[in-house]
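Before any comments, here is the structure.
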Amino acid sequence: MKYIIAIAFFTMVTFCASAQTAMTVHLNSGSTQTFLLADIDSITYGTGATGSYTIGSTGPGGGIVFYDKGTVSNGWRYLEVYNSFLNTAEWGCNGTSITGNSDAIGKGYENTQLIVNACSTPGIAAKICNNHSVVVNGVTIDDWFLPSIEEVNQIYINEQNIPVVKNLGPEVASSTQSGSTSYFFIDFFSGSYSTYSKNNPLPILAIRRF
């Protein structure tokens, strides 16, 4: 098998004493672990996000890695930003407060889904990011989203490693609202946080976590 969970290979064995077929996983570290097939619900194969990435390196989606939280948790470790800005667009949902909206690193995906589900207006920033997809090495990657304000701040902190930022204007939108009629953005000249009307468009960047 070419791609195996945990980058391992499997050996099918039979426990004679119990007459139950089992699967033994041989890890690259040299250790093994055996599972009874009757206890396995499903097996997922794939390339995964293996290996280590550094800030400024190319991510699996073809973007630029701008954040590393150090370990994998909740299914991801890194954030990458798409290597071109998508458009300028309004935030949408003017007059509506999005319940559950967050400013935290790692929450841009959830923010984007909340906005998409709450706003019927087409062409808003969150929907553009949510609909974005790229094909890398034959694989379609379509889990992009509009970053939270703290995720945008990480892009700002690492902007010297991100060529696309040099082609943007000074202001970059986030998926974090500041109230029912405004949202946060960062001024990339000063690094300061400000708010803007949800009706007014700003440049948008799509990011993804892996």
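The values are calculated or read from the model by the stated rules, or taken from the named source; none is laboratory data. All values derive from a computational prediction rather than experimental measurement. Cβ sites come from the backbone with ideal geometry, for glycine too, and all protein chains shown count toward neighbours.
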Inset, instruction - Exactly one condition in (1) more than 19 Å from Ser178 (Cβ to Cβ); (2) part of a loop (DSSP other than H, G, I, E, B) is not met by Gln113; state its number. - result: (2)
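Look at Ser194 and say whether it is modelled with pLDDT of 95 or more, in contact with a Lys or Arg (Cβ under 6 Å, 6 or more places away or on another chain) and assigned by TED's automatic domain parsing to the domain that holds Gln113. Quick ask: steps written out before the conclusion?
Details: modelled with pLDDT of 95 or more: yes; in contact with a Lys or Arg (Cβ under 6 Å, 6 or more places away or on another chain): no; assigned by TED's automatic domain parsing to the domain that holds Gln113: yes.
No.
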Legend entry - Top-ranked residue in segment 74-106 [being under 11 Å from the mean Cα position of the chain (by Cα) and among the charged types (D, E, K, R); ranked as nearest to Gly179 (Cα to Cα)]: Glu80
Inset, instruction - Give the residues of segment 163-189 that are farther than 23 Å from Val116 by Cβ and either buried (at least 23 other Cβ atoms within 10 Å of the Cβ) or at pLDDT 90 or above (or both), sorted by residue number. - result: Asp187
Inset, instruction - Could you identify the single residue in Tyr183, Tyr193 that is among the hydroxyl-bearing types (Ser, Thr, Tyr) and farther than 20 Å from Ile128 by Cβ? - result: Tyr193
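Residue-wise test of (1) crowded, with 18+ Cβ neighbours inside 10 Å; (2) in contact (Cβ under 8 Å) with a residue 24 or more places away in the chain; (3) part of a helix (DSSP H, G or I).
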position: Asp68; (1), (2), (3): no, no, no
position: Thr71; (1), (2), (3): no, no, no
position: Ser84; (1), (2), (3): no, yes, no
position: Gly100; (1), (2), (3): no, no, no
position: Tyr109; (1), (2), (3): yes, yes, yes
position: Asn130; (1), (2), (3): yes, no, yes
position: Val135; (1), (2), (3): no, no, no
